[in-house]
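**Student:** What follows is a structure written as structure tokens; I'll ask about it next.
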Amino acid sequence: MSDHKTMTLTLIVWRQKGPNDPGKFETYTAKGITEHHSFLEMLDVVNEDLIKEGKDPIAFDHDCREGICGMCSQVVNGVPHGGQERTTVCQLHMRTFKDGDTIYIEPWRARAFPVTRDLIVDRSGLDNIIQAGGYTSCHTGGVADGNALLIPKEIADYAMDAAECIGCGACVASCPNSSAMLFTGAKVAQLAALPQGKAEAAVRVCAMTDALKESGFGNCSNHYECEAACPKGISVKFIARLNREYQKALLK
Amino acid sequence: MILDGKCPTGPIEQTWDKHRFDLKLVNPANKRKYKVIVVGTGLAGGAAAASLGELGYNVEAFCYQDSPRRAHSIAAQGGINAAKNYPNDGDSVYRLFYDTIKGGDFRAREADVWRLAQVSNNIIDQCVAQGVPFARDYAGYLDNRSFGGAQVSRTFFARGQTGQQLLLGAYSALARQIKAGTVKMFPRTEMLDLIVVDGEAKGITVRDLVTGELRTHVADAVVLATGGYVNVFYLSTNAMGCSVTASWKAHRKGAFFANPCYTQIHPTCIPQAGEYQSKLTLMSESLRNDGRCWVPKKKEDLGKKPSEIAEEDRDYYLERKYPSFGNLAPRDIASRAAKEQCDDGRGVGPGGRGVYLDFSSSIKRLSEDTIRERYGNLFEMYERITADNAYKTPMRIYPAPHYSMGGLWVDYNCMSNIPGLFVLGEANFSVHGANRLGASALMQGLADGYFVIPYTIGGYLAQTKPGKVAADHPECKKSIEEVQAYNNKLLSINGKRTVTDFMRELGSLMWENCGMARTKESLEENIKKIPALREEFWQNVKVTGSGAELNQQLENAGRTADFFEFAELLCRDAHHRNESCGGHFRAEYQSEDGEAQRDDANYCYVGAWEFKGVDKEPELHKEPLKFENVHLAVRSYK
Ligand SMILES: Cc1cc2nc3c(=O)[nH]c(=O)nc-3n(C[C@H](O)[C@H](O)[C@H](O)COP(=O)(O)OP(=O)(O)OC[C@H]3O[C@@H](n4cnc5c(N)ncnc54)[C@H](O)[C@@H]3O)c2cc1C
Ligand code: FES
């Protein structure tokens, strides 16, 4: 409300018309920002000013603005989602910045994520990985009662830890090799841990690993930047599980 | 016109089985000759596209996000109902049916609700088979929690991310069909028109949101599963991109819009912090299992910290007013009760628009760790937004627009009055009456998508020849030209106000005059002001860029233009319904103690509106509601 102190910030933002445009940084000023603005609401303010001046607003992906849809995707001061622990950029609030700060804003950068426009990238590679095998091949209808197979709490919790991934791609953006192993490992581990997913575990891990390579993602060389950048705190232990499942599958 | 919902007759327990048997079937070898368009790939559309593809239909699916995994179903936190009765606490299909009819304040169709309750159990099994990691107890059995409006524990959940897990389950089933080639997926594609040929729905016109290209897709049937419309209030718990556009375009082409005035205001959301705010965040209703709502009894205490207010000076108003349901009173009732306290000048926080949701007694009883285990992610989210630690100090919450019970009118087959146009999930009006109970929307979306449409669409397709309309049909060309002209107009106005600026003003008119409480006068004010504002929008909006590129301003402008037309309809519906029921509270119609007062003699019907032109009054059609299994009664949660 009006009694809040306001901040003025300098934004240095990546602007790129399309995948074939070379792109460049542009500088903007964000005025009248309070500590209660979310990062994206701060960008809304800047965009409203740009529109009134007849300029193209900064294009960025967003939808739920509550940290769950995985749509928002910005590198803030060199860190995907801005570096606050377990926080997507849409949930980052301006109270973590100071009046007069300069903020660099860029899109996810990875070979497998070509820039669509400004801060928007094409993440269809992640969908390709799931389509390759990130499911159980159950039919609609004709399945067993939910309690027919008991799943101990530890296993259910482990699967849930992995399943929390929101598919934003920050892991890829933070990785020096642009690897999607955390993303893939989380899905492989979730399904391999559950009795419903065991039958296809070997086929799945091979198919998903192949898709990962085909979509242009790199390999994991144990930097663990992905875990640090992940807004859901997905653990790198799932990459170890991915490797283990892959070895097991090769031996079959 | 008196509308017919085409509900099967006979004993309610047998209606769905009998109806399934009576429906015509499409020969398996012929299925691939039929093309079905599914717009929207949330729970309802994702489940539908996957199931129809698996049956062998040739499916094309569309969503506006970059991936079907991001539909707003993903944001559902609390859980999904089913009548499994695993806890042995007295649940049954009948009880779920009964609770839903009563929760909806007797404004839903019995047969549809029965079917929903019946298939609820299949949904849980289906999701488990997909690998959805529902919460389990130490023995490995599925766990349950309680939700508002029920006295049994029937809600299944996956931490505080149930919607996410269910959607990822449906998305994985969809991914499997995309790989199999039965479903072709078009993400970042927005439907902007419905193509109707000889009175039947035969295709859609879309805009590719990346290139701006306009295209038509023709099919033998069109399924809309495009979600809810409460962004008409601007600030709501919905995602930024949620809109009425797909439904509204279908409405303009003849589909009736039913009960638009039934909107749900969710009691537990984080209060608005400032003018610039773009959306409101929900705190799951499940919190009311362990959180207690209160405000200070005395106005002098308003300035104090909550910890400084003595126990006896706190008014636990829900427990006081509704002793048997207490903090788990249904949403409409809990929201109005919160508003009542604030209107009485006892609201807390900036502007007096808030009540406390306090966990201290549960923390004392159960330990902080137990509360963290149950709601940890919600407490984290609360802290991220407000910078307050809710383990130490009560949360501050306020009601916010959340869900739309109204939607496109459909019959028992989920088919609208336009043959070949089916509507699923939040986009239709069918099962929640005037108020939805918590954890029933996920249930409905998946019921419609997995277990209803696969049968009922066959009944329609079996009677139509495949491929009746070709892509070069004159209606397709006409539709593209119209959409093009509409977009060009938006781009050429070059006025002074931004789209958001207009949407904010429309939202505040809706919230002030047609929100938690409405009156004849407030609605008449809106019915006057909205068209005037709409007029100004078309004279003075500024949309930069062109139509032939990625242009988020143009997307928003189109959605806002549709909200302008729709908002007026919503107010007209609220104005015509001279009663209070569920989420529709007309201040003139309340009992002495402030409860909603229905008028069954005059309003026990579904109000379905027919579009007659932008500046013309819509025409009302009625579908009378009959209650043969649950007796019409005053809804009481005392
Ligand atoms: C914050 C929140 C919490 C909730 N919690 C619960 C809960 O705990 N339990 C419960 O039962 N319910 C809950 N609900 C309600 C429930 O989540 C929704 O009602 C339900 O998920 C809607 O599903 P849907 O498939 O109908 O629509 P959505 O999931 O909204 O999907 C709509 C789809 O349509 C697409 N679309 C829309 N317009 C167009 C267009 N013009 N062109 C192309 N595509 C389009 C979108 O891209 C999307 O794919 C919650 C809702 C919210 C907002
Ligand atoms: S916008 Fe949905 S996670 Fe950020």
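The values are calculated or read from the model by the stated rules, or taken from the named source; none is laboratory data. It should be emphasised that the depicted structure is a prediction, and the values quoted were computed from it without experimental measurement. So basically every Cβ, Gly included, is an ideal-geometry build from the backbone, and we count neighbours across all protein chains shown. When the accessible area is computed, the model is the full protein with side chains, heavy atoms only, and any ligands, DNA or RNA have been set aside. Shrake-Rupley method; radii C 1.70, N 1.55, O 1.52, S 1.80 Å.
**Student:** Got the relative contact order for segment A:7-116 handy, in percent, Cα pairs under 8 Å and 6 or more residues apart? Walk me through the numbers before you get to the answer.
**Tutor:** On the way: 189 pairs, mean separation 37.1, N = 110.
Value for segment A:7-116: 34 percent.
**Student:** What spacing in nm lies between the two simple spin-label points modelled at B:LYS299 and B:TRP538, each 7 Å away from Cα in the Cβ direction?
**Tutor:** For the pair B:LYS299/B:TRP538, the computed spacing is 4.7 nm.
**Student:** Continuing with this model, one more query. In peptide A:122-130, what is the residue-averaged number of other protein chain Cβ atoms found within 10 Å of each Cβ? Working shown, then result.
**Tutor:** Working: counts 3, 3, 5, 0, 3, 10, 3, 1, 11.
For peptide A:122-130, the averaged partner shielding equals 4.
**Student:** Only Cα pairs within less than 10 Å get springs; with that Gaussian network setup on chain A, which residue of A:LEU150, A:LEU50, A:LEU194 has the largest fluctuation?
**Tutor:** Comparing A:LEU150, A:LEU50, A:LEU194 in a Gaussian network model of chain A, the most mobile one is A:LEU150.
**Student:** Scattering from the C-alpha atoms of segment B:578-638 alone, worked out with Debye: what is log10 I(q)/I(0) at q = 0.22, 0.30 1/Å?
**Tutor:** -0.99, -1.26
**Student:** While we're on this one: Just checking chain A: which Cys have no other cysteine's beta-carbon under 4.7 Å?
**Tutor:** So, A:CYS138, A:CYS165, A:CYS168, A:CYS175, A:CYS206, A:CYS220, A:CYS230.
**Student:** For chain B, find the longest principal axis of its Cα atoms and tell me its angle to the long axis of helix B:520-540, 0 to 90°, nearest 10.
**Tutor:** Long axis of B:520-540 versus the principal axis of chain B: about 50 degrees.
**Student:** Also, I was wondering about something else. Per residue, how much accessible area does chain B have with a 1.4 Å probe, in Å²?
**Tutor:** Values: 21160 Å² over 638 residues.
It amounts to 33 Å² per residue over chain B.
**Student:** Right, here's the next one. Within the protein assembly as shown, what whole-number % of the accessible surface is contributed by carbon and sulfur, with the 1.4 Å probe and all protein chains included in the calculation?
**Tutor:** Carbon and sulfur together cover 50 percent of it.
**Student:** Would you calculate, for chain B, the mean residue ellipticity at 222 nm contributed by helices, counting each DSSP H stretch of 4 or more residues as -39,500 (n - 2.57) and dividing by all residues, to the nearest 500? Walk me through the numbers before you get to the answer.
**Tutor:** Details: 18 runs with 228 residues, N = 638.
Rounded to the nearest 500, it is -11500 deg cm²/dmol.
**Student:** In angstroms, what radius of gyration and Dmax does segment B:1-140 have, counting Cα atoms only?
**Tutor:** Spelled out, the Cα radius of gyration and Dmax of segment B:1-140 are 17.9, 57 Å.
**Student:** Also, quick follow-up: Could you give the nm distance between label points at B:ASP615 and B:THR393, where each point is 7 Å from its Cα heading toward the beta carbon?
**Tutor:** 5.4
**Student:** Which residues does a label at A:THR6 reach in segment B:359-394, if reach means a backbone N under 15 Å from a point 7 Å past the Cα toward the Cβ?
**Tutor:** none
**Student:** First measure r as the distance between the Cβ atoms of A:ASP101 and B:THR370, then evaluate 1/(1 + (r/R0)^6) with R0 = 41 Å and state the FRET efficiency to the nearest 0.05. Walk me through the intermediate numbers first.
**Tutor:** On the way: r = 40 Å, r/R0 = 0.98.
With a Förster radius of 41 Å, E is 0.55.
**Student:** Report the residues of segment B:553-578 in range of a label on B:GLN590: point 7 Å along Cα→C-beta, backbone N strictly under 17 Å from it.
**Tutor:** B:578
**Student:** If you don't mind, there's one more thing I want to ask. Roughly how large, in nm² to one decimal, is the mean projection of the convex hull of the alpha-carbon atoms in the protein assembly as shown?
**Tutor:** Numbers: hull surface 135.9 nm².
The orientation-averaged projected area of the Cα hull of the protein assembly as shown comes to 34.0 nm².
**Student:** Same structure again: Convert 10 °C to kelvin, take the viscosity as 1.306 mPa s, use the Kirkwood radius over C-alpha pairs of chain A as Rh, and evaluate the Stokes-Einstein diffusion coefficient in µm²/s, rounded to a whole number.
**Tutor:** Details: Rh = 19.7 Å.
Stokes-Einstein gives a translational diffusion coefficient of 81 µm²/s.
**Student:** Within a 10 angstrom radius of each residue's Cβ in A:50-57, how many Cβ atoms of other chains show up on average? Whole number is fine.
**Tutor:** Values: counts 2, 10, 6, 1, 3, 2, 7, 6.
Per-residue shielding by partner chains comes out at 5.
**Student:** Now, a different point. Round to the nearest 0.05 the FRET efficiency obtained for A:VAL45 and B:GLN14 when R0 = 51 Å and r is the Cβ-Cβ distance.
**Tutor:** Details: r = 59 Å, r/R0 = 1.16.
That pair, A:VAL45 with B:GLN14, gives E of 0.30.
**Student:** Let a ≥ b ≥ c be the square roots of the eigenvalues of the Cα gyration tensor of segment B:78-212; is it rounded (a/c under 1.5), or, if not, prolate (a/b larger than b/c) or oblate? Intermediate values should be presented prior to the final figure.
**Tutor:** Details: a/c = 2.62, a/b = 1.53, b/c = 1.71.
Oblate.
**Student:** How far, in nm, would the chain grow between B:HIS631 and B:ASN88 when pulled straight, counting 0.36 nm per residue and subtracting the alpha carbon separation? Each step should come with its number before you reach the end.
**Tutor:** Values: separation 543, 0.36 × 543 = 195.48 nm, distance 2.58 nm.
Separation in residues times 0.36 nm, less the Cα-Cα distance, equals 192.9 nm.
**Student:** Relative to the longest principal Cα axis of chain B, at what angle does helix B:368-386 sit, 0 to 90 degrees, rounded to 10?
**Tutor:** Once rounded, one gets 70 degrees.
**Student:** Go ahead and collect, in residue order, the members of segment B:86-101 whose backbone nitrogen is under 16 Å from a label point 7 Å along the Cα-Cβ direction of B:ASP137.
**Tutor:** Under cut-off, by backbone N: B:86-91.
**Student:** Continuing with this model, one more query. Which of rounded, prolate or oblate describes segment B:267-398 when judged by the alpha-carbon gyration tensor and an a/c cut-off of 1.5? Display every interim value, and only then the final one.
**Tutor:** Numbers: a/c = 1.28, a/b = 1.06, b/c = 1.20.
Rounded.
**Student:** Run the simple label-point estimate for A:ARG244 and A:ASN147 please: 7 Å along Cα→C-beta, distance reported in nm.
**Tutor:** 3.1
**Student:** Only counting protein heavy atoms at a 1.4 Å probe, give the residues of segment B:364-395, ordered by number, whose accessible area falls by 40 Å² or more when the other protein chains are present relative to the chain alone.
**Tutor:** B:ARG384, B:ILE385
**Student:** Also: Counting only other chains, and only Cβ atoms inside 10 Å, what mean value do you get across the residues of B:342-352?
**Tutor:** Details: counts 0, 0, 0, 0, 0, 0, 0, 0, 2, 1, 0.
Across the residues of B:342-352, the mean count of other-chain Cβ atoms within 10 Å is 0.
**Student:** Related question: Classify segment A:3-102 from the C-alpha gyration tensor, please: rounded if a/c falls under 1.5, else prolate or oblate depending on whether a/b exceeds b/c.
**Tutor:** Verdict is oblate for segment A:3-102.
**Student:** How far, in degrees from 0 to 90, does helix B:499-514 lean away from the longest principal axis of the Cα atoms of chain B, to the nearest 10?
**Tutor:** 60
**Student:** Sticking with this one: Grab every C-alpha pair in chain B, bin the distances at 10 angstrom width from 0 up to the longest one, and report whole percents.
**Tutor:** Whole-percent P(r) values from 0 Å outward: 3, 17, 28, 28, 17, 6, 1, 0.
**Student:** Now a separate question. What total accessible area, in Å², is buried where chains B and A meet, using a 1.4 Å probe and rounding to the nearest 100? List each step's numbers first, then the result.
**Tutor:** Values: alone 24430 and 13200 Å², together 31130 Å².
Interface area, both chains combined: 6500 Å², rounded to the nearest 100.
**Student:** Let me ask you something else. Can you give the FRET efficiency for B:GLU524 and B:LYS6, using 1/(1 + (r/R0)^6), R0 = 35 Å, r = Cβ-Cβ distance, to the nearest 0.05?
**Tutor:** Values: r = 36 Å, r/R0 = 1.02.
Once the sixth-power term is evaluated, E becomes 0.45.
**Student:** Any idea what the relative contact order of segment B:474-604 is, in percent, if you count C-alpha pairs under 8 Å spaced at least 6 apart?
**Tutor:** Details: 148 pairs, mean separation 37.5, N = 131.
It comes to 29 percent, rounded to a whole number.
**Student:** State, as an integer percentage, the relative contact order of segment B:267-398 based on alpha-carbon contacts under 8 Å between residues 6 or more apart.
**Tutor:** Working: 179 pairs, mean separation 40.9, N = 132.
About 31 percent, as a whole number.
**Student:** Tell me the mean residue ellipticity at 222 nm calculated for chain A from its helices only (DSSP H runs of n ≥ 4, each -39500 (n - 2.57), averaged over every residue, nearest 500). Mind showing how you got there, number by number?
**Tutor:** Values: 9 runs with 91 residues, N = 252.
After summing the helix terms and dividing by the residues of chain A, the value is -10500 deg cm²/dmol.
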